[in-house]
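Asks: Handing you a structure now.
Where a number appears in this text, it was derived from the coordinates with a stated rule and is not lab data. All values reported here derive from a predicted model rather than from experimental measurement. Using ideal geometry, Cβ is built from the backbone for each residue, glycine included, and neighbour counts are taken over all protein chains shown.
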Amino acid sequence: TPTGASLAVGGFTVSDYGNGDGVLNRGEVVGLNLRIKNSGTSTATGVTVTATISDSFVTTTTNCYYCSSSLSYGDVAAGETKSQGSGYGIGLAISSTAPTDHPFTLVVTMSDDSGNVWTSSVDLSLSP
């Protein structure tokens, strides 16, 4: 067990503003609702989460009602896995020309009020 706080992405759900099937499809804008896990021994206070993508078919966006580029999680206690309370997610805009099963990586950066920074890579792919 790491000493101090140790944050990573502990899962996610998809808020689908396209066809509502809850998966990543071509031509959709979705919100990725990230769960943040603290596997450390102390609380991370004032946690903020951002994400980036380097991909020609998928980009981050704030162009949907519950999409944001920066999410506040408040305090994440040791051993806790926490969802973002307001229902907002990291917005993803998926090109309608993306190949079927297109893989991409979301790089998630988590920081706290003490200046600690953690990164997690989330490997995703489009639904066939």
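Asks: How charged is the neighbourhood of PHE104? Take every other residue with its Cβ under 14 Å from the Cβ of PHE104, and add Lys/Arg as +1 and Asp/Glu as -1. Walk me through the intermediate numbers first.
Replies: Values: positive: ARG26; negative: GLU28, ASP55, ASP101, ASP123.
Taking every Cβ under 14 Å from that of PHE104, the sum is -3.
Asks: Nearest-5 percent of antiparallel DSSP beta bridges in the chain?
Replies: On the way: 39 of 41 bridges.
In the chain, approximately 95 percent of DSSP beta bridges are antiparallel ones.
Asks: For every other residue with a beta carbon closer than 13 angstrom to the beta carbon of THR61, add +1 if it is Lys or Arg and -1 if Asp or Glu, then tell me the sum. Could the numbers behind the result be given before it?
Replies: Values: positive: none; negative: GLU28, ASP55.
Residues close to THR61 contribute a combined charge of -2.
Asks: What span do the alpha-carbon atoms of the chain cover on each of the three principal axes, reported in whole Å from largest to smallest?
Replies: 45, 25, 22
Asks: Please state, to two decimals, what the Cα-based radius of gyration of region 48-118 comes to when divided by 2.2 N^0.38 Å (N = residues). Write out the running numbers ahead of the final one.
Replies: Details: Rg = 14.1 Å, N = 71, 2.2 N^0.38 = 11.1 Å.
The value comes to 1.27.
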